[in-house]
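The values are calculated or read from the model by the stated rules, or taken from the named source; none is laboratory data. Everything quoted here is computed from the prediction, not taken from an experiment. Glycine gets a Cβ as well: all are built from the backbone with ideal geometry, and neighbour counts include every protein chain shown. To get the accessible areas, we keep the full protein, side chains included, count just its heavy atoms, and leave off ligands, DNA and RNA. Shrake-Rupley method; radii C 1.70, N 1.55, O 1.52, S 1.80 Å.
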Amino acid sequence: MRVERAVLTAILLLAFSYPAMAADTIDFFRLPAEPLIRIGLSTNSSSVSITTGDSSLVAFSPDEPSKILEATRVSVSARAYRPPEVEEFRVEIQNLPSQVEANDLAAEIRQATGETAIVSIDTTANTWKVWVGTVKETSEEADELKSQLVEKGFEDAIVVTEKKTVISDDAIALSQQLKNAGPSEVRSLIKPTGDIRPSGNESINPNLREVIINGPSDTAKYSSLKSVAFGSLNERANPVRLNGKAYRGRIEVFVNAKGSLTVVNVVPLEDYLLGVVPSELGLPQLEAQKAQAVAARTYAIANIGGYGKQGFDMVPTVWSQVYKGVSIETKMGTEAVRSTRGIVATYHGKPINALYTSTCGGRTENSENVFDYAEPYLRGVECSLEGRRQFEPFLIKTTRRPARLREESDAELVRVMSLLSASGFQLPTDAVTDEWLADVPTTPELASWINQLGRKFGKVFGNINKDSGKPGELATLIAGLLYPPGTADTLLSDSDVNYQLAFDDSAEIPKEHRADVAILLRDGYFTIHPDLTLRPNRPFSRGKLLRLIQLIFEKKKFMPTLQTGTTKSSVDGKLVLKTGKSERQLAVRPDVFLYRQFGNDFYPLREAAMVGGEEVSYLTDDSGAVAYLEIRPSETPTSAEGMSPFTNWTKTLSAGEVQSRLSRYVRGIGTLYDVNIKQKGYSRRAVELEIIGSNGIKSLRGGKIRSALRLNEQLFVINKRYSGSTVTSYTFTGRGWGHGVGMCQYGAYGLAKMGVKYDEIIKHYYTGVELTKAY
């Protein structure tokens with residue numbers, strides 16, 4: 001596997017070393033196989049527990065066969081290297097008084113047995129001895145030689161046992177590895193030892209540390225100068241666990257430069273993504289999760305070796321990609337990974353550094369304005385589709401033609417007509433015009449409207465004619481509905497009537513209707529024209545008659561009661577209302593009366609986008625479908641990431657807090673006087689701050705702005721509070737969460753909800769990229 005990884009690394013280095021190519025010479029990116037990814041789970045552990053739900057753990061080390069540990073749990077730690085001790089056995093005849101006697105005895109032994117016999121002095125006892133034969137590895141071999149000597153008459157032979165420290169080949173190889181390691185912080189042997197043999201001249205590093213494995217079986221108790229990886233017999237069915245947390249692939253442990261343990265999850269890329277996609281984007285839209293899978297896969301390949309000197313590629317946090325192992329895996333996330341297997345985003349044939357951010361605040365930013373590099377595919381874009389397409393998935397439409405009006409006063413009347421019609425009052429509502437409202441109603445219209453009004457009072461008029469719309473005749477009909485019989489004639493004297501009828505053409509009102517006209521004027525039901533005339537001989541216009549009906553409905557509380565609610569984004573043309581933490585969907589009639597507020601007034605529309613957060617008032621018909629709908633626009637951002645809880649934020653800091661935070665990134669400010677946004681990027685993010693202090697003007701640029709101020713984002717405006725001319729506090733009002741470069745994760749979710757497929761999502765956020773099947 002290490003050879004395959006070396007080949008893969010070479011291929012990636014070669015791919016990323018090519019100069020930028022013209023668009024018509026795009027190279028096709030391809031890997032020989034699915035790569036293994038190394039995730040640094042821990043870099044300073046003193047001890048870890050590794051377990052499996054399988055029948056046994058399996059251990060793997062470089063240049064060694066796999067080892068079944070016959071244990072389901074081991075603890076792993078590190079200690080200073082202890083070279084192994086071995087027992088050696090040799091046969092000697094000791095305590096000889098002189099060298100001459102020792103030499104004579106040695107000659108006799110050689111003559112009698114054919115064994116070697118070496119004479120030496122025992123400096124401790126100042127006597128001489130004869131060492132017979134070679135060093136024996138076992139006591140049995142030594143005893144056999146002793147017996148042979150005794151048989152030949154050398155009865156003084158004894159077996160001498162010595163313990164000897166043996167420097168292992170691994171110690172020699174690791175010492176050589178560390179000597180040539182350069183900046184590497186790996187302190188365990190990660191390369192095969194080959195045919196290294198001690199020659200007596202090797203220099204052994206005195207600071208070697210070894211990995212200690214301790215389990216319940218004899219096989220699971222050993223030490224190693226090599227890295228040790230642990231897996232299960234069936235890794236897919238029974239993932240190995242680190243301190244109780246399950247991970248696919250294997251858990252590799254080795255000693256680092258601090259003398260503690262580094263723990264690495266060595267896992268196939270596709271299995272790694274199963275624990276990344278739900279961690280990074282768990283929102284319930286498959287196409288968004290597929291886009292996340294492609295971005296995460298691309299980022300992983302582009303960042304192989306990113307933490308190379310520490311012995312791994314990436315970390316499991318936001319500094320690389322959030323990775324939570326098996327426990328976070330979901331059905332949708334797994335489907336997203338499996339259905340995009342091997343697909344990466346490339347630019348001119350190379351995998352891109354596929355950065356992504358949680359919530360972009362409506363626009364992403366050019367990479368050079370946040371980081372220290374400019375990438376042609378990391379360009380700022382709007383977090384929305386172009387023009388009308390952004391809102392098409394959220395449209396509620398009606399077949400009704402909106403009224404075509406010029407007069408502002410008629411707009412409210414048409415809205416009331418629609419409301420009355422939706423509640424059962426029969427009125428013509430299609431394509432109403434100012435001219436139609438200014439004209440007099442036809443006799444059928446007059447009869448219909450008066451009788452529908454009359455039925456509210458339990459009365460019906462059978463004798464409605466063309467004159468019934470004139471002020472006098474109409475007053476008598478209306479007074480008969482609103483008051484007990486004879487009220488006006490009985491309770492108003494002639495002087496009362498004349499008092500109410502003090503306008504220019506009151507004399508033209510027939511005597512029999514004067515009291516009824518007077519009481520309706522007194523009570524606010526009737527009005528006169530601006531020229532102080534009632535025009536008694538001309539019937540009420542449609543508009544004037546309908547306003548009268550509206551007024552009666554309002555005063556008598558006949559107006560229908562509207563239901564209200566707050567919306568979520570509409571789905572398939574349905575009205576979706578928030579109800580606590582859940583939602584309720586209402587069907588909308590095809591001929592719904594549809595109104596939207598602009599400014600303070602409502603106007604009829606053919607369609608309206610419901611992006612979520614709108615306040616609505618509505619009526620339903622007998623089947624529960626919405627028949628009348630008024631929409632008050634949402635203040636929620638309408639970009640694709642608008643559903644994020646991090647879209648809007650505010651943070652207030654005292655001047656002292658701002659100075660303290662900035663001083664960690666900008667030296668020599670002195671006393672802080674003021675902070676201003678000096679330069680903005682494509683997305684309107686602050687890309688340079690002007691910092692005015694007692695020591696002069698300083699600046700802070702790029703992503704350090706967000707880091708220094710510890711804000712959610714650097715897309716903000718600043719509001720300052722003063723005491724005299726001194727700034728006492730800064731309020732940062734902003735949008736978004738994250739660095740703002742690359743794919744917006746909540747934006748991807750919003751686009752997916754709108755029906756956008758994963759490939760288009762990727763190409764929307766990463767400028768000029770192609771999707772490539774890498775393996």
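A few remarks follow.
- Our helix-only sum for the chain, with -39,500 (n - 2.57) per DSSP H run of n ≥ 4 divided by its residues, gives a mean residue ellipticity at 222 nm of -8000 deg cm²/dmol.
- As an equivalent ellipsoid, region 462-512 spans semi-axes of 20, 16, 7 angstrom, where each value is the square root of five times an eigenvalue of the C-alpha gyration tensor, largest first.
- Packing-based ranking, highest mean first, of 101-111, 375-385 given that Cβ atoms within 10 Å are counted: 375-385, 101-111
- Scaled radius of gyration (Cα, divided by 2.2 N^0.38 Å) that region 104-231 gives: 1.59
- In nm, spacing of pseudo-spin labels at SER49 and LYS578 (7 Å Cα→C-beta vector): 4.4
- Peptides 34-45, 565-576, 251-262 ranked from most to least packed, by the mean per-residue count of other Cβ atoms within 10 Å: 251-262, 34-45, 565-576.
- When the Cα positions of PRO216, SER175, VAL432 are compared along the charge dipole of the chain, VAL432 comes out farthest toward the positive end, with charges on each C-beta of Lys, Arg, Asp and Glu.
- Relative compactness, region 83-125, computed as alpha-carbon Rg over 2.2 N^0.38 Å: 1.43
- A straight chain from HIS529 to THR564 at 0.36 nm per residue would run longer than the Cα-Cα distance by 8.9 nm.
- 5 angstrom amide H check on SER188, placed H, neighbours 5+ away: VAL255
- Linear extension gain, GLU85 paired with ARG110, 0.36 nm per residue minus alpha-carbon span: 5.8 nm
- Taking amide H atoms as placed 1.01 Å from N in the peptide plane, the amide H of VAL381 lies under 5 Å from those of THR364, GLU365, each 5 or more residues away in sequence or on another chain.
- Cα-derived Rg over Rh, computed across region 251-304 with Rh taken as Kirkwood radius: 1.13
- Region 203-318, accessible surface, carbon-and-sulfur percent (1.4 angstrom probe): 46
- Spin-label pair ARG341/ALA125, simplified geometry with 7 Å Cα→Cβ offset, distance in nm: 7.5
- Just the protein heavy atoms count here, and of the accessible area of region 467-626 at 1.4 Å, carbon and sulfur take up 49 percent.
- Overall form of region 337-386 per C-alpha gyration tensor (a/c, 1.5; a/b vs b/c): oblate
- Scalar couplings 3J(HN,Hα) for region 762-768, obtained by applying the Karplus form with A = 6.51, B = -1.76, C = 1.60 to θ = phi - 60°, are 4, 6, 5, 8, 10, 5, x Hz; x denotes Gly and Pro.
- Whole-percent pair-distance distribution, where bins are 10 Å wide, for the alpha carbons of region 623-740: 12, 40, 25, 11, 6, 4, 2, 0
- Each part reduced to its alpha carbon centroid, region 466-538 and region 292-371 end up 79 Å apart.
- The Kirkwood radius of the chain, taken over pairs of alpha-carbon atoms, gives through the Stokes-Einstein law at 10 °C and 1.306 mPa s a diffusion coefficient of 45 µm² s⁻¹.
- The Rg/Rh ratio for region 443-602, using Cα coordinates for both the radius of gyration and the Kirkwood hydrodynamic radius, is 1.13.
- On full extension, the segment bounded by THR652 and TYR665 gains 2.7 nm, given 0.36 nm per residue less the C-alpha separation.
- The alpha carbon gyration tensor of region 282-363 gives principal lengths a ≥ b ≥ c with a/c below 1.5, which makes the shape rounded.
- Of all accessible heavy-atom area on region 29-156, the percent that carbon and sulfur account for (1.4 Å): 44
- Relative contact order [Cα under 8 Å, 6+ residues apart], the chain, whole percent: 14
- Degrees between helix 408-422 axis and first principal axis of the chain (Cα, 0 to 90, nearest 10): 80
- A simple spin-label model places the labels of ARG388 and ILE167 8.2 nm from each other, with each point 7 Å out along Cα-to-Cβ.
- Separation of the alpha carbons by more than 19 angstrom is noted, of LYS290/LYS331; LYS651/LYS753; LYS456/LYS555, for LYS651/LYS753.
- The Cα trace of region 48-166 gives Rg and Dmax of 23.2, 71 Å, the first to one decimal, the second as a whole number.
- Highest mean packing comes first when the peptides 228-239, 454-465, 512-523 are listed by Cβ atoms within 10 Å, giving 512-523, 228-239, 454-465.
- Hz values of 3J(HN,Hα) by residue in region 312-322 - Karplus curve (6.51, -1.76, 1.60), Gly and Pro given as x: 8, 9, 9, 10, x, 10, 5, 6, 10, 9, 5
- Probe 1.4 Å, protein heavy atoms only - accessible area per residue of the chain in square angstrom: 48
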